[in-house]
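Peer 1: This is the structure, below, for whatever I ask next.
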Amino acid sequence: MEVIDSYGMMEPRYYLAWATDEAIRARGANGGFVTALLVSALETQFIDLALVVKKKSVYEGVPVLTNDPEQVKESAGSLHGVPWNLAKLLLECAPDKRVGVPTKPCDARGIIELAKRRQIALDNVFLIGLNCGGTVHPLRMRELAAELYGLDPDTVQKEEITAGKLILRYEGEGGATQEKGLKIDELEQEGRGRRDACKSCTTKLPVMADLACGNWGVPKGEQKTFVEVLTDKGAAILENALNKGAITVEDATEQSIAVRAKIERAMQALAARWKDELDVLTDNSPSERLAFYTEQLQRCIHCGACKAVCPVCACDEDAKCLDLHDEQDAYAISLYNLLRILHLMDSCIHCGQCEEVCPVDIPLTLIQRRFSERMQAHLDYEPGMDVTETPPYQETKLRWSADAKTSESEGA
Amino acid sequence: MVDADWEPKILAFCCNWCSYAGADAAGLERRQIPATVRVIRVMCSGRIDPAFVLMGFLEGADAVLVTGCHIGDCHYVDANYKTRNRYEFLKVLVKELGLDPERLQLRWISASEGPIFADMVREVTEKVKKLGPSPFRSVWKS
């Protein structure tokens with residue numbers, strides 16, 4: 001087996017690819033490329049494990065860490081009800097195991113941040129990036145089906161998003177399949193639809209992963225996946241599947257590449273609009289900001305859930321934010337919250353996991369974003385994009401130490 | 001309206017080797033320093049955890065001064081570089097939180113700079129008097 005040990009970024013290469021196996025092609029989304037890639041990698045023992053999301057219902061999926069190609073085949077197909085980040089689940093698996101993970105951009109960013117903190121051996125993790133327009137909380141989706149579509153949520157067989165519409169296929173009267181679609185824009189204006197973190201997320205393409213896969217740029221009606229090869233690791237796993245004959249590839253046309261870039265730009269523009277709209281603190285005075293933060297964070301019951309799920313937090317139980325916090329302090333904002341804000345300022349990837357698990361619904365996505373965006377702009381640093389890029393303040397220190405060494409030797 | 005008798009409470013972290021000695025020098029030279037400053041001596045400005053500064057504000061300090069040796073003069077070689085990096089974070093945090101950025105100051109003061117220490121305390125006291133009490137006093141958890 002070829003051992004890949006570089007994070008080398010290569011010239012991007014663009015392909016259209018699909019599964020050769022007809023069963024996988026029919027079951028998976030967009031030609032079943034990702035499923036075929038993982039199944040062949042498992043079968044040839046190119047990877048030891050795959051971390052996939054298995055469909056539980058139309059609304060919900062569960063993550064499964066498996067070495068069984070059959071399980072991977074069962075996980076085929078796209079799903080929007082996946083509101084969690086996979087990064088921390090990788091900590092469950094031994095660092096010497098080679099793992100293939102289909103990742104949303106925020107999963108990949110979380111994994112890269114954990115790799116920077118020496119929690120994950122990135123050499124052994126294959127990030128199969130997936131384009132992501134956003135995820136929907138399973139409960140919100142059920143509510144949506146019942147209240148706006150007027151359906152019994154359990155009769156819905158399939159959800160899909162095409163041409164700006166959320167389409168639900170359901171079993172109508174007499175057992176015939178019917179479908180109903182509503183415009184996503186209109187749903188979201190009413191506060192329904194995707195999670196807030198997803199609405200305002202501008203990282204739509206997984207350019208930090210090894211492969212970037214998705215249906216943007218695929219000609220209409222074709223069951224194919226647009227694949228961008230981003231690293232040597234990505235090229236290796238693709239080559240492995242090609243050698244096995246599991247996938248068929250063709251070069252992407254200029255037009256496909258342009259269409260994909262256009263869709264990305266459109267999604268980013270929409271996300272930027274949402275970011276402004278969801279930010280209730282724009283144009284607020286300092287005193288109003290302080291009042292907002294205090295009011296919201298005072299509701300905190302200090303359960304520690306936001307820290308436990310945070311995909312970039314690698315501290316254990318003896319973390320400073322837990323250690324210095326005392327339930328008896330009468331502080332306006334607890335040290336737990338302030339220290340978490342402080343520690344995430346240079347590394348928050350805005351995935352919104354904290355808000356997802358918060359039992360008192362503190363708008364943590366917004367709060368963390370307000371602080372971390374300012375700090376990251378100040379440092380001119382974006383976390384989770386490149387494992388070789390450390391936060392700039394660390395470099396300052398290293399650079400200075402190197403200077404000191406030279407001046408010392410000059411003096412001597 | 002600010003009470004006319006109100007005097008700000010300023011928390012100053014001073015490092016053992018430079019700024020504490022500087023403060024000491026100011027006293028030896030019989031310089032007048034406003035009685036607004038409370039000095040906490042630490043062995044090095046690099047010992048000042050951002051949590052200390054935050055705690056200072058949460059406990060009701062109207063301003064927090066972080067002081068240490070000049071860059072390159074640190075008794076522990078490079079620890080005040082770390083102080084400087086932490087200050088970058090705190091500056092952004094304090095501003096976004098809604099406190100006036102002037103309430104947090106980082107100053108380098110050497111052991112011989114007694115007058116500079118005295119000037120700094122006077123200057124910050126004046127500034128904070130204009131700004132009024134820390135907003136954390138009014139949002140105190142009841």
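Peer 1: What FRET efficiency comes out for A:K158 versus A:A308 if R0 is 30 angstrom and r is the Cβ-Cβ distance? Round to the nearest 0.05.
Peer 2: 0.35
Peer 1: Something else about it: HN-Hα J couplings of segment A:350-365 from phi, Karplus 6.51/-1.76/1.60, θ = phi - 60°, integer Hz, Gly and Pro as x?
Peer 2: Couplings: 6, 8, x, 4, 4, 5, 4, 9, 5, x, 10, 6, 6, x, 5, 4 Hz.
Peer 1: Sticking with this structure for a sec: Just how many % of Cα pairs in segment A:138-193 lie over 12 Å apart, if you round to the nearest whole percent?
Peer 2: Values: 975 of 1540 pairs.
Summing the P(r) tail past 12 Å for segment A:138-193 gives 63 percent.
Peer 1: Taking every pair of distinct Cα atoms and averaging 1/r, then inverting, what Kirkwood hydrodynamic radius in Å comes out for chain A?
Peer 2: When all Cα pairs of chain A are included, the Kirkwood radius is 22.9 Å.
Peer 1: Determine, from the Cβ-Cβ distance of A:K56 and B:R47 and an R0 of 60 Å, the FRET efficiency 1/(1 + (r/R0)^6), rounded to the nearest 0.05.
Peer 2: Result of the calculation: an efficiency of 0.75.
Peer 1: Excluding residues on the same chain fewer than 8 positions from A:K165, give the aspartates and glutamates whose Cα lies under 20 Å from its Cα.
Peer 2: Qualifying aspartates and glutamates at Cα under 20 Å: A:E60, A:E143, A:E147, A:D152, A:E179, A:D185, A:E186, A:E188, A:E190, A:D196, A:E222, A:E264.
Peer 1: I've got another one for you. If r is the Cβ-Cβ distance from A:E277 to A:K183 and R0 is 22 Å, what FRET efficiency results, to the nearest 0.05?
Peer 2: 0.85
Peer 1: Now a separate question. State the three equivalent ellipsoid semi-axes of segment A:332-397, derived from the C-alpha gyration tensor as the square roots of 5 times its eigenvalues, in descending order and whole Å.
Peer 2: That gives 24, 13, 10 Å for the three semi-axes.
Peer 1: What's the average, rounded to a whole number, of partner chain beta-carbon atoms within 10 Å of each residue's beta-carbon in A:345-357? List each step's numbers first, then the result.
Peer 2: Values: counts 6, 3, 0, 0, 0, 0, 0, 0, 0, 0, 0, 0, 0.
Counting Cβ atoms of other protein chains within 10 Å of each residue's Cβ and averaging gives 1.
Peer 1: Let me ask another. What residue among A:R289, A:R142, A:R192 shows peak mean-square fluctuation when chain A is described by a Gaussian network model with Cα springs under 10 Å?
Peer 2: Sorting by GNM fluctuation, first place goes to A:R289.
Peer 1: So if I average 1/r over every pair of distinct C-alpha atoms in segment B:14-131 and take the inverse, what Kirkwood radius in Å does that give?
Peer 2: 14.3
Peer 1: Right, something else. List the residues whose amide H sits under 5 Å from the amide H of A:K54, counting only those 5 or more places along or on another chain, with H placed 1.01 Å from N in the peptide plane.
Peer 2: Here the answer is A:V62, A:V64, since their amide H atoms fall under 5 Å of that of A:K54.
Peer 1: With N set to the residue count of segment A:261-392, report its C-alpha Rg divided by 2.2 N^0.38 Å to two decimal places.
Peer 2: Working: Rg = 15.8 Å, N = 132, 2.2 N^0.38 = 14.1 Å.
My calculation over the Cα atoms of segment A:261-392 gives 1.12.
Peer 1: Work out the length of the dipole vector of chain A about its Cα centre, built from +1 on the beta-carbon of each Lys and Arg and -1 on the beta-carbon of each Asp and Glu, and round it to the nearest 20 debye.
Peer 2: Working: 47 positive and 65 negative charges, 122 e Å.
That gives chain A a dipole magnitude of about 580 debye.
Peer 1: For segment B:124-136, just list the computed ³J(HN,Hα) in residue order, Karplus coefficients 6.51, -1.76 and 1.60, θ = phi - 60°, integers in Hz, with x standing in for Gly and Pro.
Peer 2: Per residue, the Karplus-derived 3J(HN,Hα) values read 5, 4, 4, 4, 5, 4, 5, 6, x, x, 4, x, 5 Hz.
Peer 1: With a cut-off of 8 Å between alpha carbons and a minimum separation of six or more residues, what is the relative contact order of chain B in percent?
Peer 2: 36
Peer 1: Average the reciprocal distances over every distinct pair of alpha-carbons in segment A:218-291, invert the result, and give the Kirkwood radius in Å.
Peer 2: Over segment A:218-291, the inverse of the mean reciprocal pair distance is 16.4 Å.
Peer 1: Taking a 27 Å limit on the Cα-Cα distance, which of the listed pairs A:K56/A:K104; A:K220/A:K275; A:K275/A:K307; A:K55/A:K97; A:K158/A:K224; A:K88/A:K183 fall beyond it?
Peer 2: Over 27 Å Cα-Cα: A:K220/A:K275; A:K88/A:K183.
Peer 1: Further question on the same structure: Select from B:L106, B:L11, B:L93 the residue whose mean-square fluctuation is largest in a Gaussian network model of chain B (Cα-Cα springs shorter than 10 Å).
Peer 2: B:L93
Peer 1: Residue by residue through segment A:266-271, which ³J(HN,Hα) values in whole Hz follow from phi under the Karplus form 6.51 cos²θ - 1.76 cosθ + 1.60 (θ = phi - 60°), with glycine and proline marked x?
Peer 2: So the J values, rounded to whole Hz, are 5, 5, 5, 5, 5, 5.
Peer 1: Compactness ratio of segment A:1-121: Cα Rg over 2.2 N^0.38 Å, N = residue count?
Peer 2: Cα Rg divided by the expected 2.2 N^0.38 Å: 1.08.
Peer 1: Related question: Can you tell me which of A:25-34, A:228-237, A:358-367 comes out highest on packing, and rank the rest after it, using the mean Cβ neighbours within 10 Å?
Peer 2: Descending packing order for the listed peptides: A:25-34, A:228-237, A:358-367.
Peer 1: Quick one: divide the alpha-carbon radius of gyration of segment A:248-320 by 2.2 N^0.38 Å and tell me what you get.
Peer 2: In units of the globular-protein estimate, segment A:248-320 measures up at 1.88.
Peer 1: Taking the Cα centre of chain B as the origin and placing charges on Cβ (Lys, Arg +1; Asp, Glu -1), which of B:G56, B:V39, B:C18 is farthest toward the positive end of the dipole?
Peer 2: B:G56
Peer 1: Check chain A for me: any Cys whose beta-carbon has no other cysteine beta-carbon within less than 4.7 Å?
Peer 2: Cys with no partner Cβ under 4.7 Å: A:C93, A:C132, A:C198, A:C201, A:C213, A:C300, A:C303, A:C315, A:C321, A:C348, A:C358.
Every read-out reported here was derived from the displayed coordinates using simple, explicitly stated rules and does not represent laboratory data. Here the structure is a predicted model, which is why all the values come from computation and not from measurement. Glycine also receives a Cβ, built like all others from the backbone with ideal geometry; neighbour counts cover every protein chain displayed.
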